Structure formats: C-alpha cells, structure tokens
Amino acid sequence: MAAVIQGAGIMVPYLMDERQEVARAFGLRRVPDFFLFNRDQRLAYHGRFDATDRPPGLAPDGAELRGALDSLLAGGGAPVGFPSNGEPIEWVAELGVAPGRGR
C-alpha cells in the first residue's frame, strides 16, 4: 500500500493498522470509511465517500465527503454521515492469520 500511496502522490497521513486496533476503536465495519476531524482534532464526520452503489452504476463524485468538508471549512458543523457502502472488514482474528501476513 505504501508504494501505491507514494505513486499516487497522496500527501495526507495514511494509517497502516495491521492489528486492526484503530479500526475496532473507531467502530469500522466496512472500507473505505472516512473520518473528518475539525481543527480541535474532534471527530466532525464519519461516513461514506458518496452514494456510488445507490443506485448501481452511479459514477463516484465524493459528494457526501465534499459536503462535510465544505460545511466544516465554512465554519459550520459537518452533517451526520451515512454508513460506508464498501466491503466488510475481514478481521484478522477471524481469518486466523498473523497481522501483516494477509490470507
């Protein structure tokens, strides 16, 4: 994943949570799942990127996350996010593999 991030020029922090401790602490159930924090480092938005699978075939546009960002930057509160519509997390303990080893 580190090579993908560097190759894409992503300039934001990226967490590698091999033991899935952070995922459990934040209550993640599906990925991708987005967390937006305000300037006081308090959670302002937790939700999906957009509604791309509802309806099927809709092109991704990031409207929900963008709306939360715009609201927060304008000095308002971010809206309550919809749950992620991505893939369920495969918990390491349930797969019977060591952290960082894959399947």
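The values are calculated or read from the model by the stated rules, or taken from the named source; none is laboratory data. None of these values were measured; they are calculated from a predicted model. FYI the Cβ positions are ideal-geometry reconstructions off the backbone, even for glycines, and counts take in every protein chain you see. Heads up: the accessible areas ignore ligands, DNA and RNA and are worked out on the full protein's heavy atoms, side chains in. Shrake-Rupley method; radii C 1.70, N 1.55, O 1.52, S 1.80 Å.
Here are a few things to note about the model shown:
- Test: residue in region 46-54 that is open to solvent by 40 Å² or more (accessible area, probe 1.4 Å) and modelled with pLDDT under 80: yes
- Residues that are within 12 Å of the chain's Cα centre (by Cα), assigned to a strand (DSSP E or B) and touching a residue at least 24 places away in the same chain (Cβ under 8 Å), drawn from region 35-65: LEU36, TYR45, HIS46, GLY47
- Hits in region 2-16 (condition: outside any helix (DSSP H, G or I) and of a type in the set (Val, Ile, Thr)): ILE10, VAL12
- Residue under evaluation VAL97, criteria (1) over 23 Å from ALA25 (Cβ atoms); (2) at pLDDT below 85; (3) open to solvent by less than 70 Å² (accessible area, probe 1.4 Å), criterion not met: (1)
- Qualifying residue in region 10-18 (condition: open to solvent by 80 Å² or more (accessible area, probe 1.4 Å) and modelled with pLDDT of 90 or more): no
- Residue match in region 80-88 (condition: modelled with pLDDT of 90 or more, outside any helix (DSSP H, G or I) and open to solvent by less than 90 Å² (accessible area, probe 1.4 Å)): yes
- Residues within region 66-79 that are open to solvent by 50 Å² or more (accessible area, probe 1.4 Å), farther than 16 Å from PRO32 by Cβ and part of a helix (DSSP H, G or I), tallied: 2
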